[in-house]
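*Asks:* Structure provided below as structure tokens; questions to follow.
Where a number appears in this text, it was derived from the coordinates with a stated rule and is not lab data. Since the structure is predicted, the reported quantities are computational estimates derived from the model, not experimental observations. In this analysis, Cβ positions are derived from the backbone assuming ideal geometry, glycine residues included, and neighbour counts consider all displayed protein chains.
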Amino acid sequence: MINKLLTLKRQRNAVILAHNYQTGDIQDAADYVGDSLGLSFKAKETNADVILFAGVHFMAETAKIVNPSKRVLIPTLEAGCSLADSCDANALAKWKAEHPGVVVVAYINCTAAVKAQTDIICTSGNAVKVVNSIPRDKQILFCPDENLGQWVMEQTGRKLILWPGVCHVHVKFTAESLAKLRAAHPDAKVVAHPECLPIVRSMADEVCSTEKMLAYCKSSPAKAFLIITESGMLHRLKKELPDKQFFAGPTDTCSCNECEYMKKNTLENCVAALENLAPEIILPEDIRQRALVPIERMMALGR
Ligand code: 13P
Ligand code: SF4
């Protein structure tokens with residue numbers, strides 16, 4: 001399957017971009033593996049004719065928004081995101097109308113139709129920087145992840161009005177299960193994604209995006225880490241830092257946690273997507289152009 005994928009990739013002049021939560025075989029076949037922010041920049045910069053986006057739908061949509069002349073494929077349209085689904089464009093329009101004059105900051109985990117109604121996009125890698133770029137006298141609406149929003153409030157000392165959305169994967173990590181794992185590995189550093197609940201974040205030595213997790217573990221003198229995010233992240237950490245030990249964040253019922261949407265992508269449907277040049281991301285041009293504005297504002301702030 002890997003040989004087939006790489007042959008098709010050459011024939012189609014395609015680039016394979018994969019998120020850190022993809023299965024190990026897809027990560028190993030990809031040209032670039034990263035977080036939402038890094039993947040957005042890679043999608044914008046590529047010279048390939050085709051982008052095979054091994055991630056979830058909002059990520060592939062973002063690639064199409066920033067680089068519309070490319071054919072953007074996703075292995076399956078079932079790779080959605082429950083957090084993005086929690087924020088409907090019509091409901092956002094109503095929320096905005098109730099708060100005239102505010103600045104709308106949206107986490108990149110939202111649909112193109114939602115992005116089109118916002119002032120600036122952020123990712124977990126730059127949310128603090130994005131909010132700090134907005135004048136302090138401005139009131140901010142933040143959607144759709146309330147845990148990331150709360151973390152940004154703690155980091156910036158600003159009050160944000162939060163959309164009540166959560167990532168169902170990250171809120172499954174509990175303080176109790178983490179406390180047990182920490183007791184078993186007392187020297188390990190705890191690294192958590194900002195989508196986790198405040199109680200879980202408060203137990204972490206570092207709270208950051210998936211890409212920054214790699215940088216933190218690389219530069220830390222510690223030898224063991226508890227990684228409180230989707231378990232696909234461990235493949236990259238173990239591969240790039242083979243001398244260190246990584247343990248998956250536990251839930252109350254399981255010793256790790258997976259995003260079922262990210263895991264809808266397989267080597268098989270990656271091959272099929274390049275063979276069939278489908279499913280393809282197609283966006284209405286007016287939505288794409290309006291969604292591009294807040295993404296470009298974010299990108300202008302740098303990586
Ligand atoms: P990152 O941008 O930190 O990789 O997060 C993406 C995501 O979907 C987290 O659930
Ligand atoms: Fe969406 Fe959560 Fe899956 Fe990330 S882990 S893609 S936020 S459902």
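*Asks:* Anything in segment 255-281 that is without any contact (Cβ under 8 Å) to a residue 40 or more places away in the chain and closer than 22 Å to Cys81 by Cβ? List them, or say none. Give the derivation first.
*Replies:* Looking only at segment 255-281, we keep the residues that are without any contact (Cβ under 8 Å) to a residue 40 or more places away in the chain, and these are 255-256, 260, 276.
Those that are without any contact (Cβ under 8 Å) to a residue 40 or more places away in the chain and closer than 22 Å to Cys81 by Cβ: Cys256, Glu260.
*Asks:* Ok, one more. Quick one: is Asp137 of a type outside the set (A, V, I, L, M), within 16 Å of ligand 1 (Cβ to nearest atom) and surrounded by fewer than 22 Cβ atoms within 10 Å (Cβ to Cβ)? Explain how you work it out, then say what you get.
*Replies:* Working: of a type outside the set (A, V, I, L, M): yes; within 16 Å of ligand 1 (Cβ to nearest atom): no; surrounded by fewer than 22 Cβ atoms within 10 Å (Cβ to Cβ): yes.
So Asp137 does not fit the description; no.
*Asks:* Could I ask something else about it? Restricting the first residue to segment 236-250 and requiring it to be over 21 Å from Val169 (Cα atoms) and touching a residue at least 24 places away in the same chain (Cβ under 8 Å), which pairs with a second residue that is surrounded by fewer than 20 Cβ atoms within 10 Å (Cβ to Cβ) and among the basic types (Lys, Arg) meet a Cβ separation below 6 Å and a spacing of at least six or different chains?
*Replies:* Note: pairs meeting the criteria are Lys244/Lys223.
*Asks:* What tally of residues in segment 63-76 results from selecting those that are crowded, with 22+ Cβ neighbours inside 10 Å and free of Cβ contacts under 8 Å to residues at least 12 places away in the same chain?
*Replies:* The qualifying residues number 0.
*Asks:* Every residue in segment 132-148 that is more than 22 Å from Val171 (Cβ to Cβ) and outside any loop (DSSP other than H, G, I, E, B), please. Step through it out loud before you land on a result.
*Replies:* Taking segment 132-148 first, the residues more than 22 Å from Val171 (Cβ to Cβ) are 132-140.
Passing the criteria: Asn132, Ile140.
*Asks:* Scan segment 130-159 and report the pairs whose first residue is farther than 16 Å from Leu83 by Cα and whose second residue is charged (D, E, K, R) and not in a loop (DSSP other than H, G, I, E, B), with Cβ atoms within less than 7 Å and a gap of 6+ or a chain change.
*Replies:* Cβ pairs passing all conditions: Leu141/Lys96; Trp151/Arg201.
*Asks:* Another one. Of the residues Ala79, Ala60, Ala18, which is buried (at least 22 other Cβ atoms within 10 Å of the Cβ), part of a helix (DSSP H, G or I) and within 14 Å of ligand 1 (Cβ to nearest atom)?
*Replies:* Matching residue, one of Ala79, Ala60, Ala18: Ala60.
*Asks:* So which residues in segment 157-196 are under 26 Å from Ser133 (Cα atoms) and surrounded by fewer than 18 Cβ atoms within 10 Å (Cβ to Cβ)?
*Replies:* Within segment 157-196, Gly157, Arg158, Lys159, Ile161, Pro164 qualify.
*Asks:* Which of (1) more than 16 Å from ligand 2 (Cβ to nearest atom); (2) part of a strand (DSSP E or B); (3) under 16 Å from the mean Cα position of the chain (by Cα) is the odd one out, the single condition Leu52 does not satisfy?
*Replies:* The single condition Leu52 does not satisfy is (3).
*Asks:* Among the residues of segment 24-54, which ones are crowded, with 18+ Cβ neighbours inside 10 Å and of a type in the set (Ser, Thr, Tyr)?
*Replies:* Ser36, Ser40, Thr46
*Asks:* I'd like to know if segment 137-148 contains one or more residues that are over 20 Å from the mean Cα position of the chain (by Cα) and at positive phi.
*Replies:* So far as segment 137-148 goes, no, none of its residues is over 20 Å from the mean Cα position of the chain (by Cα) and at positive phi.
*Asks:* Does Asp85 fit the bill of being within 16 Å of ligand 1 (Cβ to nearest atom), more than 13 Å from the chain's Cα centre (by Cα) and more than 13 Å from His19 (Cβ to Cβ)?
*Replies:* Values: within 16 Å of ligand 1 (Cβ to nearest atom): yes; more than 13 Å from the chain's Cα centre (by Cα): yes; more than 13 Å from His19 (Cβ to Cβ): yes.
When the stated conditions are applied, Asp85 passes them.
*Asks:* Quickly run through segment 93-118 and pick out the residues that are free of Cβ contacts under 8 Å to residues at least 60 places away in the same chain, closer than 20 Å to Met59 by Cα and in a helix (DSSP H, G or I).
*Replies:* Val114
*Asks:* For Cys87, which of the numbered conditions (1) in a loop (DSSP other than H, G, I, E, B); (2) within 16 Å of ligand 2 (Cβ to nearest atom); (3) within 23 Å of Leu277 (Cα to Cα); (4) not acidic (Asp, Glu) fails to hold?
*Replies:* (3)
*Asks:* Just one of Lys180, Lys218, Lys212 is in contact with a Pro (Cβ under 9 Å, 6 or more places away or on another chain) and either within 24 Å of Gly55 (Cβ to Cβ) or touching a residue at least 40 places away in the same chain (Cβ under 8 Å) (or both); which is it? Walk me through it before giving the result.
*Replies:* Working: Lys218 fails: in contact with a Pro (Cβ under 9 Å, 6 or more places away or on another chain); Lys212 fails: in contact with a Pro (Cβ under 9 Å, 6 or more places away or on another chain).
Among Lys180, Lys218, Lys212, only Lys180 is in contact with a Pro (Cβ under 9 Å, 6 or more places away or on another chain) and either within 24 Å of Gly55 (Cβ to Cβ) or touching a residue at least 40 places away in the same chain (Cβ under 8 Å) (or both).
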